[in-house]
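So the structure is just underneath, and the comments pick up after that.
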Amino acid sequence: MDWIERDAARVWHGFTQMAVYADNRPIVVERAEGHELIDTEGRRYLDAVASLWVSTLGHRVPELDEALVEQLGRIAHSTMLGNGNVATIELAEALAEVVPVDDPRFLFASDGAAAVEQAIRIAFQFWANRGRPGKRRFLALGDAYHGDTFGALSLGDGGFHAEVFAPLRFPVLRTPGYACEGWADEAVALVERHADELAAVVIEPLVQGAAGMRIADPADVHRLGEACRAHDVLLVCDEVAVGFGRTGTLFASERCGLRPDLLVLGKGLTGGYLALSATVASGRVADAFLGADLGPETLYHGHSYGGNALAAAVARRHLDLLRERDVLANVRAREPELRELFERELATLPGVRETRLCGLLGAVELEPAEGELRARRVTAATVERGVFVRPIGDSILLVPPLTITTAELERIVDALRSAILETVPVAA
């Protein structure tokens, strides 16, 4: 039995129809070097999705390996429920110096959806603790995606067949997403109209990733944030996908001039090494939970592995490396190169509807073809050429490591161009 057969026999993959898993020619990764994944047959693939947007510096980074081993010599994990550990305290102190949140406090979890859930609970209970239980609704945008736990799924705008879970989702106020002109006008108007009942507005600042990299004008996002502040509505910025340099600044909120009340971090926090996320609360928000020991103001929430010491130690060293290597400068230098490659090599190809790019978050949207999984076919042809990409809907997403080189960007676009020309029929 080969690796794919063994995989299909026992592993249930997320977002995957297991009845046809083996037929879709998955790669089974055995190891990695730098920006490349290496499968069980020794074939190499440039990781152009950063292993689902988490690998910022590539794989097997010596300094991160060393940080992990060094922490293993101390302790792997201890509970954060009512107690602390040195590695997590040091990480929180380092993050406090850079996050765009006033007097920040950190509640750690394992992945982005869990951190979004924490933000929902904190925002809801904040107003109860402040004696305003009527502020209990949430406003979210069209095309939003915030994860797959039920609170996060409620904030999301359907998609991925979420309608089957409609009875389990709570209702939210919904305004158009970034793809719609005038989206900010409608969102601001709703904040003004419903301020007395709104607990929070939840957004993906600047880029809606799972919507196919829909990009907003930073001034529009800033205007929504100002409306929240003016009308005493909490602002939650979900930076699971766009944080840690992905848009060219350490956090996308910075590009929008935002100081959110709650900031959600994940994906790139540990550079793709270990599962760790965080919900960052402003001092104003956190102070509303102070009270008698085990009293009603307490946030009765926490996870077994929240604040894991191994993950925290790696995340702390990763934060150093982003600065020491001036990784953000590389993102800013590579963005115009990738944009030019998009325009010159991809935008005018048959079947390509549009290309979009912000920092190193890119999408090539194909014209839809009824009854045909066109993006899936183009993706498979790209992977055959040694470049690992993933589709969402009709879009093929490109999210390379932040340390990607010019030559590697050319390799990615060349493989994708060849795959499109091979796969998409030319109109007669």
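Every listed requirement among (1) at pLDDT below 95; (2) buried (at least 16 other Cβ atoms within 10 Å of the Cβ); (3) among the hydrophobic types (A, V, I, L, M, F, W, C) is met by F160 save one, (2). Cβ separations smaller than 8 Å between residues 6+ apart or across chains give the following pairs from the range 294-305 residues that are without any contact (Cβ under 8 Å) to a residue 24 or more places away in the chain to residues that are assigned to a loop (DSSP other than H, G, I, E, B) and not basic (K, R): T298/F289; T298/G291.
Picking from residues in the range 8-33 that are crowded, with 16+ Cβ neighbours inside 10 Å and outside any loop (DSSP other than H, G, I, E, B), the one that is farthest from the chain's Cα centre (by Cα) is A8. Scoring A189 on the criteria (1) in contact with a Lys or Arg (Cβ under 8 Å, 6 or more places away or on another chain); (2) more than 21 Å from V242 (Cα to Cα) leaves a single failure, condition (1). Criterion first (among the hydrophobic types (A, V, I, L, M, F, W, C), modelled with pLDDT under 95, assigned by TED's automatic domain parsing to the domain that holds G14 and farther than 21 Å from R332 by Cα) does A375 satisfy it? Judged against the criteria, A375 is a match. Within the set of pairs 6+ apart or on separate chains, which have a first residue in the range 145-157 that is in the same structural domain as E117 (by TED's automatic domain parsing) and charged (D, E, K, R), a second that is at pLDDT 95 or above and not in a loop (DSSP other than H, G, I, E, B), and C-beta atoms under 8 Å apart? These pairs meet every condition: D148/A113; D157/A140; D157/L141; D157/R174.
Each residue in the range 323-353 was checked for being within 23 Å of the chain's Cα centre (by Cα) and outside any helix (DSSP H, G or I), and 2 pass. Just one of the numbered conditions (1) under 23 Å from T247 (Cα atoms); (2) buried (at least 21 other Cβ atoms within 10 Å of the Cβ) is not true of A333: (2).
Taken as a whole, the structure leaves G42 outside the set of residues that are surrounded by 21 or more Cβ atoms within 10 Å (Cβ to Cβ) and either assigned by TED's automatic domain parsing to the domain that holds R229 or modelled with pLDDT of 95 or more (or both). Could you go through the range 124-138 and let me know if any residue there is more than 18 Å from C228 (Cα to Cα), surrounded by 24 or more Cβ atoms within 10 Å (Cβ to Cβ) and not assigned by TED's automatic domain parsing to the domain that holds F15. Within the range 124-138, none of the residues are more than 18 Å from C228 (Cα to Cα), surrounded by 24 or more Cβ atoms within 10 Å (Cβ to Cβ) and not assigned by TED's automatic domain parsing to the domain that holds F15. Against the conditions (1) more than 30 Å from E204 (Cα to Cα); (2) modelled with pLDDT of 95 or more; (3) crowded, with 18+ Cβ neighbours inside 10 Å, T423 satisfies every one except (2).
The values are calculated or read from the model by the stated rules, or taken from the named source; none is laboratory data. Note that the structure is predicted; figures quoted are calculated from it, not measured. In this analysis, Cβ positions are derived from the backbone assuming ideal geometry, glycine residues included, and neighbour counts consider all displayed protein chains.
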